[in-house]
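Structure first, then comments.
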Amino acid sequence: MVEVWLFGRSVQRADPCGGFARRRRTCGRFLERAAAAGCGAVMLAASAVSPGLAQDKEPAAKPAMEAADGGPTLNVELNTIEQQEDACRVYLVVKNESEDRFTDLEMELILFDKQGFVSRRYAVQIAPLQPNKTRVRPFDLPELDCQTVGQFLINDVTKCAIEAGEKPDCLRRIQTESKGEVHLFM
């Protein structure tokens, strides 16, 4: 198996020279020389020059991010946005997969417009969250046209507490998902 980095993505191929014997001989000599010369970048050039040389591997499903103690996650999904009279309503679906009852959970969200520029900053209160429960959390972004929304960044978790007290690793517990064309990321 050969791993090639192509445009920032890892591409793996069992036969880096394609399936044709002639191309395989030529490509094989080329790759041997490149490896002997220590040229990792040549692999990139070889994959771009020879069609069929690199074939994208299906990206693996994103594993759930776990807390430092190996605990479960908080799944935060940007489900949908809809235009209200003079506000854009955002629906977050938050699934608490832990045994903890969150009494305080506030996230700092950064809104990017469709051109990728930072547009606004919001503090959104998600708590209370019951253990092993999914909650839909709608919130309005005043004086905003939903058509201008590009994506949201969870920049930080500004407050995080469970019944037993503050929880220091809340940001690491979050896994993001998105439905539709507006994305939520960390």
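The values are calculated or read from the model by the stated rules, or taken from the named source; none is laboratory data. Keep in mind that this is a model prediction, so the values were computed, not measured. Cβ coordinates were reconstructed from backbone atoms using ideal geometry, including for glycine residues, and neighbour counts include every protein chain displayed.
Restricting attention to segment 65-100, which residues are among the hydrophobic types (A, V, I, L, M, F, W, C) and either modelled with pLDDT of 90 or more or touching a helix residue (DSSP H, G or I) at 6+ places or on another chain (Cβ under 6 Å) (or both)?
Answer for segment 65-100, where residues must be among the hydrophobic types (A, V, I, L, M, F, W, C) and either modelled with pLDDT of 90 or more or touching a helix residue (DSSP H, G or I) at 6+ places or on another chain (Cβ under 6 Å) (or both): 67, 74, 76, 78, 81, 87, 88, 90, 92, 93, 94.
What do you reckon, is residue 126 surrounded by 15 or more Cβ atoms within 10 Å (Cβ to Cβ) and either in contact with a Lys or Arg (Cβ under 8 Å, 6 or more places away or on another chain) or at pLDDT below 95 (or both)?
When the stated conditions are applied, residue 126 passes them.
Filter segment 73-118 down to residues that are under 17 Å from residue 139 (Cα atoms) and hydroxyl-bearing (Ser, Thr, Tyr), then give me how many there are.
Looking only at that region, the number is 2.
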